[in-house]
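The values are calculated or read from the model by the stated rules, or taken from the named source; none is laboratory data. Computed from a predicted structure; not experimentally measured. FYI the Cβ positions are ideal-geometry reconstructions off the backbone, even for glycines, and counts take in every protein chain you see. These accessible areas exclude ligands, DNA and RNA; they are computed on the full protein's heavy atoms, side chains included. Shrake-Rupley method; radii C 1.70, N 1.55, O 1.52, S 1.80 Å.
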Amino acid sequence: MTRTHCPYCALQCGMDVSPGGLISAESLCQKGWTAGEVLRAPDRLTTPLVDGRPATWEEALGQVVSRIRRVQAACGPDGVAVFGGGGLTNEKAYLLGKFARVALRTSRIDYNGRFCMSSAAAALRRAFGLDRGLPFPVADIAAARTVLLVGANPAETMPPFVRHLRGAKRLIVVDPRRTATAKLAGTHLQITPGTDLALALGLLHLAIADGLVDTAYVESRTSGFEQAAAASNDYWPERVERITGVAVHQLREVVRALARRPAIVLSARGAEQHAKGTDTVTAFVNLALALGLPGRPGCGFGTLTGQGNGQGGREHGQKADQLPGYRDIRDPAARAHVAGVWGVRPQDLPGPGPSAYELLRSLGTPGGPRAMLVFGSNPAVSAPDATVVRERLRALDFLMVCDVVPSETAALADVVLPVTQWAEEDGTMTTLEGKVVRRRQAAGPPPGVRSDLEVMCELARRLDAPGEFTPDPRRVFAELQRASAGGPVDYSGIDYDTGGFWGGTRMFQERFATADGRARFVPVRFRPAEEDVCADFPVYLTTGRVAQQYQSGAQTRRVRELNRAAPGPFVELHPDLAAQLPVAHGEAVRVTSRRGSVTAPARITTTIRRDTVFMPFHWPGANLLTNTALDPMSRMPELKVCAVRVEAVRENGSDRQRHGRRPAGR
């Protein structure tokens, strides 16, 4: 048995894995203990595919290089784009950024983490000067008197995390659904979708009005409080109740509970995947600062990272505006440092490129990339308005995908390269609390399968890239250390084998990572969802996960036990809404937004609001409907709320009744 880590969420639970994929661990969720089955997936990719037919590695790599050169000869370096993923190891994420900028010389690189942590990252950087999901040990959560959890359902998305929540004396959950996590809470605020920002502003207003602000902390450790306080003046309790649906007495109870330290505020995708996600996280940070929480033992503000390497994946160069160590690609000093490590001239590094959805939307358009290389991502399912994304992928002159199984994106590719997966490779991952952990190879890959690192290095060699490219993860990590040294996120002191926390286990105890050491209050104001309900689309749609599936489902949908528990998509709706259609449990309903329609079985439950439906995004469907409006700072799409109409469907597929009015209770 080899000691390694689970391939799924950012808890990165430890496990022992045999060469045959047998898993042993003390505490894993259902996804974790069945992860070995993915190693034996019946449709596992084991040979390169060129235009859908088996090919040799020599032919496949030759095709990739010749097509890259052809596109770049006609369109320049930016004619080729790169798309990465938040599940790649630190070494892969680092080398992918280097490959794009040194071997391809393209600025067109981004990754699926833009759809995950970007709003939280932007808010944390402008408030604290640094982005780390949890700047304190996860164990602190269990010791807190109060935990406010906004837009997260860890009981399903990362079940082992729940033991920390159970330790807290009072758990308050903000969610439009009464999720498995909300059922554990002493208080559930069943908020109107898209109104978390108004809730945070209302709580800050009450903290000020009720004299709960820690004035000594605010004066000594922060700046900008007066402006943020003024911005909250318009959000008195009765107004916030009308906007959010949360009763005034609940607002008062919540802010008083948080004022009794130790207390922790946590946000996640439910609050962040909005066109105002950065401001929403900022508003909750403002609340935490006003109450004196960040930097105190057992207290603080944090965000729950979703993908397995969601933290490390955004630190070392996959993002369009970023160099390793979370350096800004526009900073001359950062460019000079990284160029020196890479053995190139600073002026030869490209500048920032477009964000993930903007990049995907530009594929195959005049002036946009004509070719794309995809590593560790499935944007044909995971991107918003996925119909348009698939059209753009088909419009490319060339698409290459590295994957383990034939995903929906791989099905559109001209060349598919079979690569290793979690238990078949070495490397490091970074957990949600900033701890670098070692991923160790436990099983040999199938014959003919190569690692992503080997693919990048061989392509770089064939493209005559300057500098050194090595497929050895230990040597890549050593280079990552040199490239990140002195940056905002510095891995230079971390041992490859034993790991450790970058920046320490508990941050901000004495100063924040800003120039003057003070945290920044930032004034923000509420604005409604980009797409509010109306007569034609009178119901909110929100999306999320279920316990037995993960991300776009490319891995978990190939595990028999998980598919038995969660076999396909569904539409969760309240009995009152179901009665208006009318539709019975299990019958088909059609959900239509301004971007498309999806049909799935109805799941009728009282745990959701009357004006809202929910769909999981692990199957093709939900993201055919979601809104592409972008946050102006993070470029996060508004994945968590859009306006839809819901219709019952007869057996022959025709609509039984159109739901064209607002449901009762609005």
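Quick notes
- Full-extension gain in nm, ASP43 to ALA142, via 0.36 nm per residue minus C-alpha separation: 31.4 nm
- Sorting PHE469, PHE161 on solvent-accessible area from highest to lowest, probe radius 1.4 Å, gives PHE469, PHE161.
- Distance from the C-alpha centroid of segment 546-565 to that of segment 79-122: 26 Å, rounded to the whole angstrom.
- Using C-alpha pairs under 8 Å with a sequence gap of at least 6, the mean separation divided by the residue count of the chain gives a relative contact order of 20 percent.
- Relative contact order computed over segment 284-338 (Cα-Cα under 8 Å; 6+ residues apart), in percent: 16 percent
- Computed magnitude of the charge dipole of the chain (debye, nearest 20; Cβ of K, R +1, Cβ of D, E -1): 840 debye
- The chain: calculated mean residue ellipticity at 222 nm from DSSP helix runs of at least 4, using -39500 (n - 2.57): -8000 deg cm²/dmol
- Protein accessible area in segment 1-66, 1.4 Å probe - carbon and sulfur %: 54 percent
- Helices that extend 24 Å or more along their long axis by alpha-carbon positions and average at least 1.6 on the Kyte-Doolittle scale are absent among the DSSP H runs of the chain.
- If you sort the three axes of the alpha carbon gyration tensor as a ≥ b ≥ c, you get a/c of 1.5 or more for segment 259-354 and a/b above b/c, which makes it prolate.
- The residues of segment 503-599 expose on average 42 square angstrom of accessible surface per residue, using a 1.4 Å probe on protein heavy atoms.
- Using equal-weight Cα scatterers in the Debye expression, the normalised intensity of segment 484-621 in log10 at q = 0.09, 0.21 Å⁻¹ is -0.54, -1.23.
- Split the accessible area of segment 478-599 by element, probe 1.4 Å, and carbon with sulfur accounts for 47%.
- Filtered trypsin sites (Lys or Arg not before Pro), segment 293-386: DSSP coil and at most 12 other beta carbons within 10 Å: ARG330
- Distance between segment 440-455 and segment 497-523 - C-alpha centres, whole angstrom: 37 Å
- Considering only alpha-carbon pairs that sit under 8 angstrom and 6 or more positions apart, the relative contact order computed for segment 304-406 is 18 percent.
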